[in-house]
Amino acid sequence: MSSIRNQRVSIFDILPIVFPSPFLLRSSVKLDEMDIQLSKWWFKTLCGKDLIDHQIMLFISNYYKQHDKNFPTREELEKTFCVVDCLCEYAYPEDKVVNMKKHMIYNFGRLFKNCREVEIVYEYELLNKKYPTKEELQTYISNMQQFQQDPETYFNNDKVSRPALSFSKEMIKQPNEEITENCSICFEQIKLSPYYELPCKHKFHSEEKECLENSGITTWFQKNNFCPNCKHQL
């Protein structure tokens, strides 16, 4: 007894007992194949999606058996699963939690996997003003992981294209042997060929074939709105 009293107990050891997470309490009860297929069929009929969540299958199966072979209504399904039932969810507005859970059920065919996924979907909706599809959620999580592991590569691969709308052929200058500067991309002389001169005075070959193939200033300004040399914005 004394050995138990002397043990130091953290509040984080007690919380799961006092406030158990639904993610830890999900039943491991096995369903037979007929129950699984019956649950999937009803869910497909309800919303046109494939059901993959064991807990929802168990609920549908038990309801069917306990209610004279009647299936639950959409309202009964939401009343059971679309509620705030985990400590992490109290950090968000209740209506947001309810709507997020409805989205997961009717679009993913499952409940949230863990608290972190709740947070990610909430963040996604705040940023994009809509809930993610399966593909969008996978891409979002993948981008987050890449950002954490290698931020530089992430920013290089995920740049937003902002073409230079003011870039035009009116900036082209005719050959001039007095020009001493080189092209700011390929560093070759430009005095014997037409060239672009930007407001910042940096100069570039006007023809891609005379510069770096597929990497000339014209290609650059299709995705960027600033000088590649000094970052002056057009």
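Bear in mind that the values in this text are calculations on the coordinates, not laboratory data. Here the structure is a predicted model, which means the values were calculated and not measured.
Details
- Sequence-distant residues sharing a close amide H with residue 226 (under 5 Å, placed H): 234
- Taking a straight line from the alpha carbon of residue 201, these lysines sit under 30 Å away, with near neighbours fewer than eight places off in the same chain left out: 159, 169, 173, 191, 209, 223, 231.
- Backbone HN-Hα couplings from phi across the range 88-98 [Karplus 6.51/-1.76/1.60, Hz, Gly and Pro as x]: 4, 6, 6, 7, 10, x, 4, 5, 5, 4, 4
- Computed over the alpha carbons of the range 169-221, Rg followed by Dmax gives 9.8, 28 Å.
- Debye-formula intensities of the range 24-102, expressed as log10 I(q)/I(0) at q = 0.22 Å⁻¹, are -1.08 (one equal scatterer per alpha-carbon, no solvent).
- When the Cα atoms of the range 18-157 are aligned to their principal axes, the ranges along those axes come out at 59, 33, 28 Å in descending order.
- Near the amide H of residue 173, within less than 5 Å, lie the amide hydrogens of 195, 196, 197, all on another chain or at least 5 residues away, with H placed in the peptide plane.
- The alpha-carbon positions of the range 191-234 define a convex hull whose volume is 67 Å³ per residue.
- Restraint check, 49/129; 65/130; 79/134; 30/129; 65/102; 79/129, Cα-Cα greater than 30 Å: 65/130; 30/129
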